[in-house]
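Enquirer: Take this structure first; my questions come after.
What follows is calculated from the coordinates using simple rules that are stated; it is not laboratory data. Predicted, not measured: the structure shown is a model, and the values here were computed from it. Positions of Cβ are generated from backbone atoms using ideal geometry, with glycine treated the same way; all protein chains shown enter the neighbour counts.
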Amino acid sequence: MSHVSVIAKVPAAPGKGNELAKAFEDALHNVLAESGTRYYIINADTKDPDILWIYELYENQEGLNAHMGADWFKEFGKKLGGLVGGAPELHILRPIVGKGF
């Protein structure tokens, strides 16, 4: 089994960082129900309040595919329209070693 991690930089529209964070927080119950998602951590940037960093760890590629292809995820994207200030920057990685996985 090969884990997959994602680091996503999500820019909020100017002044909308807190609202964007709240939207992600409200959607978290969907992620908690995903069996292939191990970690999904929403972080506020300490230097720019309009940037969120999402750290994700999936059991495997299928777990990531299930997350990104979920019906709730597609609907969630539509709800973020006025809150997002640009395209998210996604980095998909293969963890090698570390604590906690």
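Enquirer: Label residue 90 and residue 47 with points 7 Å out from Cα along Cα→Cβ: what is the distance between them in nm?
Expert: Result for the modelled spin labels: 2.6 nm.
Enquirer: Give the residue list of trypsin sites (Lys or Arg not before Pro) in segment 22-95 that are DSSP loop and have at most 14 other beta-carbon atoms within 10 angstrom.
Expert: Here the sparse-neighbourhood loop sites are 47.
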